[in-house]
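The values are calculated or read from the model by the stated rules, or taken from the named source; none is laboratory data. Remember, it's a predicted structure, so these values are computed and weren't measured experimentally. So basically every Cβ, Gly included, is an ideal-geometry build from the backbone, and we count neighbours across all protein chains shown.
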């Protein structure tokens, strides 16, 4: 039986990477594979999962890794003992395919891991969910409009951003260490899978440009994210039926995610409009005006789908993103998306599924949402749903991974 090993710090389906990894594993099992998932034991407990779980490290190794990151800016270069123990587990399992999602997350030493992978000789696939693997520090640089990574990182303007360093800036040395470690695999030994065309274009200018690439967009569960009756949502949050809802959803709100935009839009709303924001912490809630309805988190996916369905428009004024699944979820629920021209956020947008606005044009965001309101959401609902079923189904997207696995094994 063929064996698949995936690597990511978290398994939880409440995280996008955890959910994607679990769903790929489930499809692999259906196709006759044995599926394993390696995760950070110090960051994630054992959750219901059909794949066999491979815990890495513990809470103490994670804490030490955090200290090394915060003080010395050496994220990904601690956890040596935990990584060597993990390698022994890989040698025991003998996977035919090793599929990396994220190795940042305070649980692995990438030098030790990639030195082993170069010797192990089995195909490695790396799905690129953010930019950390080819920069000297940050996991996104668009908001800062930084292009140092194209030549050589140094004097990082985001030293205090994840993975935060409070003392040293070692972005230049980190850049060299990553370039050396990740290029230890021969070009035919690692296949890189960006989840957006934008990321593919960015990486063509990085030190990983010579590896083979295949873009595979993320998929979602289109059966769960489907149009549904919004009455319960309006009742729960006391939103009159004649109020048009402009929805925003984020796991953590920040100016990079468009927090400032929602505050500005709130000052320009008409009487028949209301903003609803999901993922709002108590700290952020205190900053919001009274005409924004803030929700800390939804109870389940069904409630989130109902919020998407209730909205006239989903607004995503993100300044840096790869291929946001929130766009896919909204469209799958029949709701058009208004987004900034940012990274891969635009790749799910067509004239039938929403509008694209230039970065910083807050009035343009509201104007685009009102265009949808004026045309009538009913114009978009079926068109959005048809597009989602054609392009967003997780079964179709993750089948591309299974086909890639088979291709690499047969080469």
Assess whether residue 104 counts as being within 26 Å of residue 28 (Cα to Cα), part of a loop (DSSP other than H, G, I, E, B), in contact with a helix residue (DSSP H, G or I) (Cβ under 7 Å, 6 or more places away or on another chain) and in the same structural domain as residue 19 (by TED's automatic domain parsing). yes
Breaking point among (1) touching a strand residue (DSSP E or B) at 6+ places or on another chain (Cβ under 9 Å); (2) farther than 15 Å from residue 103 by Cβ; (3) buried (at least 19 other Cβ atoms within 10 Å of the Cβ), for residue 136: (1)
Residue check: is residue 99 crowded, with 18+ Cβ neighbours inside 10 Å, under 24 Å from the mean Cα position of the chain (by Cα) and within 30 Å of residue 168 (Cα to Cα)? no
List the residue pairs whose Cβ atoms are under 8 Å apart, where the first residue sits in segment 283-300 and is more than 16 Å from residue 262 (Cβ to Cβ), the second is surrounded by 12 or more Cβ atoms within 10 Å (Cβ to Cβ), and the two are 6 or more positions apart or on different chains. 297/278; 297/279; 298/278; 298/304; 298/307
In segment 374-399, which residues are surrounded by fewer than 16 Cβ atoms within 10 Å (Cβ to Cβ) and either touching a residue at least 12 places away in the same chain (Cβ under 8 Å) or assigned to a helix (DSSP H, G or I) (or both)? 374, 375, 378, 379, 382, 386, 389, 390, 395, 396
